[in-house]
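The values are calculated or read from the model by the stated rules, or taken from the named source; none is laboratory data. Keep in mind it's a predicted model, so treat the numbers as computed, not measured. Quick reminder, even Gly has a Cβ in these numbers, built from the backbone with ideal geometry, and neighbours come from all protein chains shown.
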Amino acid sequence: MTGYFELTWLDVTISLSLVGVLLVVALVQRLGIARGVFFGMIRTFAQLMIIGYVLKFLFDLSKWYWILLMLAVMLVVAARTAAQRDESRQPGRMTTAGVAIAAGAVVTMATVIAFVVRIRPWYTPEIVIPLSGMVIGNTMNAVALTTTRFRSEVSHQRGRVEAALALGATSSQASSRPFREAMRAGLIPTMNALMVVGLVQLPGMMSGQIIAGILSVQAVRYQIVVMYMIASGAAIGSLVAALLMRRQLFTQRHQLRSEYL
Amino acid sequence: MTFRLLLGSEARMGGSTATPNGEAKLAVEGLSFTRSRATADGGRSEREVLRDVSFSVGESEVFGVIGPSGAGKTTLLRLLNGLDTPSGGSIALDGQDVAGMEMTDLRRRVGMVFQTPALFRGTVGTNVGYALELDGVPREEREGRGIACLERAGLPPSFWARDALELSQGEQQRVAFARALAAEPEVLLLDEPTSALDPAAASRIVALVGGLNKEVGVTIVFVTHLLDQARQICDRALVLIGGEGVEEGTIPGLFDCPACEATRLFIEGRLDPHGLVGNAAPDGPDAGGGDR
């Protein structure tokens, strides 16, 4: 294929030396992350190899239930990752993250499948899996930032929140500022991405196509759709996460549940 | 010997009927509160902060809650304002159990001023106007009514447009008073409102509290560990030690002839911070960890 620069396994092995630099720095400076670096290196290799075969399997089978199972696995992993970033002792963090990420991803993907790409069948894996992966990944980051920021804002502004409650404000009135701050924090990375896309960093999807030598107007159009999808998923996920957090941090009687701060 | 043994049968508890003015504005009966926290290992730890506290406050009375730090005074006020839910017992406002009330309505009727002013970012007007907005006051009426509240709290109208967070602590606490008064509460709960202030600012706040009660007729529950303040402005008081109400009575009665040994030791400054006498080990409600 013209313009296609093929990588051999030897090339991949040579690229390992790049991680080797990190490993050496971690060991010499005693950063205490050498173990993590080593396993991260192994996991990157193993996960990408396995997912390559899984995707090939899915694409060949093209059965809706296998695709849904794959999306469910992606969602659970994303929910778990988002919940782990929240260091509170609040129960149900993973459910909160899962519901918020699912809300953002499902609404966005349903809209894109039904009105933008209009694929038949709706579960065409070559489209659904990579697009869902990008939406879920970005929504996961927005949800994790929103939930951690909401909790820390309420915690830092506890005096003000309780002063508002004591004046007769409802929990949504009393937490309106933390709510806004949390959503803003959750959406800043997406906002930044929309502003600088193509100027600072070429998105992964486009980079892949450039390297594979198939960059086209089609690829650019897809990338624009992807950017809008990411924005939509992050916005819905962040909003749902903030709404769920507010329900959990306050009782029905408009009392702050300080044990969760 | 522990503090609890000292209570014995001497303790003179007023119960819910001992208000001088007849019908109680606020009647508290057998109030308990246990704080529950999640622990690092996923379990829960529980700590009894208040146990079986009863007292009553008459209409337009200035009622003191006095006791050492960590006695549960702040927790008691939080329960009265509905910021926390009691584990047991009842609170009645004008004879009506607050458990059945809409919480936002209760809090407009029973306002609270905290130890620290906890003002919102923005101007003084933003702060006082917020309470008026919650109370449903139309936008065009807010400034006029808000300025009246400021004046009642001893601040001139020019403060309305000033940045709330750039005021002195004493001025900020006055804004907190004005903000609480804006909802026209029937009862005002004051949680050591002078604790963060210098002596001059503190004495001005104490004078303000006395004046408010006389001019507006608002019923006041005043929490303090400073006996002079209680003596100066309170009609009656509850002595709260180690999470238990040990004695309720008039200020002269409590100060001059306390019925309970623990009250006497507290007034004489000989009670240790945990409500215990001498080096006795605690076996009563855990009073440590501050007032929360």
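Odds and ends about this structure:
- Just one residue in the set B:Ser60, B:Ser87, B:Ser69 is in contact with a Gly (Cβ under 6 Å, 6 or more places away or on another chain), hydroxyl-bearing (Ser, Thr, Tyr) and more than 11 Å from chain A (Cβ to nearest Cβ); that residue is B:Ser60.
- A single member of A:Val154, A:Val143 is at pLDDT 95 or above, buried (at least 24 other Cβ atoms within 10 Å of the Cβ), within 14 Å of chain B (Cβ to nearest Cβ) and within 18 Å of A:Glu87 (Cα to Cα), and it is A:Val154.
- Region B:121-145 - residue that is within 24 Å of the chain's Cα centre (by Cα) and buried (at least 18 other Cβ atoms within 10 Å of the Cβ) and, of those, farthest from the other protein chains (Cβ to nearest Cβ): B:Val124
For (1) modelled with pLDDT of 75 or more; (2) not β-branched (Val, Ile, Thr), each residue gets a yes or a no:
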| site | (1), (2) |
| --- | --- |
| B:Thr2 | no, no |
| B:Gly8 | no, yes |
| B:Gly14 | no, yes |
| B:Lys25 | yes, yes |
| B:Leu31 | yes, yes |
| B:Thr34 | yes, no |
| B:Ala40 | no, yes |
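- Top-ranked residue of region B:169-224 - restricted to ones that are hydroxyl-bearing (Ser, Thr, Tyr) and surrounded by 18 or more Cβ atoms within 10 Å (Cβ to Cβ), ranked as nearest to B:Gly144 (Cα to Cα): B:Thr219
- If you go through region A:165-207 and keep only what is away from every other protein chain (no Cβ under 12 Å), modelled with pLDDT of 95 or more and not in a helix (DSSP H, G or I), you end up with just A:Ser175.
- Residue identified as at pLDDT below 90, part of a loop (DSSP other than H, G, I, E, B) and touching a helix residue (DSSP H, G or I) at 6+ places or on another chain (Cβ under 8 Å) among A:Leu31, A:Leu16, A:Leu7: A:Leu31
- Within region B:156-169, tally of residues that are touching a Phe, Trp or Tyr at 6+ places or on another chain (Cβ under 9 Å) and either not in a helix (DSSP H, G or I) or not hydrophobic (A, V, I, L, M, F, W, C) (or both): 1
- Qualifying residue in region B:179-200 (condition: closer than 30 Å to B:Thr75 by Cβ and out of contact with any helix residue (DSSP H, G or I) (no Cβ under 9 Å at 6 or more places or on another chain)): yes
- Test: B:Arg145 is of a type in the set (Lys, Arg), in contact (Cβ under 8 Å) with a residue 24 or more places away in the chain, in a helix (DSSP H, G or I) and farther than 26 Å from B:Glu192 by Cβ: yes
- Note on region B:28-53: residues that are closer than 17 Å to B:Gly82 by Cα and more than 10 Å from chain A (Cβ to nearest Cβ) amount to 10.
- Search result, residues across region A:116-140 that are of a type in the set (A, V, I, L, M, F, W, C) and crowded, with 18+ Cβ neighbours inside 10 Å: A:Val128, A:Ile129, A:Leu131, A:Met134, A:Val135, A:Ile136, A:Met140
- Residue in region B:100-111 that is in contact (Cβ under 8 Å) with a residue 40 or more places away in the chain and either more than 8 Å from every other protein chain (Cβ to nearest Cβ) or more than 18 Å from the chain's Cα centre (by Cα) (or both) present: yes
- Entry remark, region B:162-198: residues being among the acidic types (Asp, Glu) and either closer than 20 Å to B:Leu212 by Cα or within 12 Å of another protein chain (Cβ to nearest Cβ) (or both) number 5 in total.
- Residues in region A:117-166 that are of a type in the set (Lys, Arg), within 30 Å of B:Asp191 (Cα to Cα) and over 21 Å from the mean Cα position of the chain (by Cα): A:Arg158, A:Arg160.
- Only a single item in (1) in contact with a Leu (Cβ under 7 Å, 6 or more places away or on another chain); (2) crowded, with 20+ Cβ neighbours inside 10 Å; (3) of a type outside the set (A, V, I, L, M, F, W, C) is not met by B:Gly242, and it is number (1).
- Those residues of region A:73-94 which are exposed (fewer than 12 other Cβ atoms within 10 Å of the Cβ) and at pLDDT 90 or above, in sequence order: A:Val73
- Qualifying residue in region A:105-115 (condition: surrounded by 15 or more Cβ atoms within 10 Å (Cβ to Cβ), farther than 30 Å from B:Asp135 by Cβ and in contact with a Gly (Cβ under 6 Å, 6 or more places away or on another chain)): yes
- Residues that are buried (at least 21 other Cβ atoms within 10 Å of the Cβ) and either of a type in the set (Gly, Ala, Ser) or more than 14 Å from chain B (Cβ to nearest Cβ) (or both) within region A:240-257 comprise A:Val240, A:Ala241, A:Ala242, A:Leu244, A:Met245, listed in sequence order.
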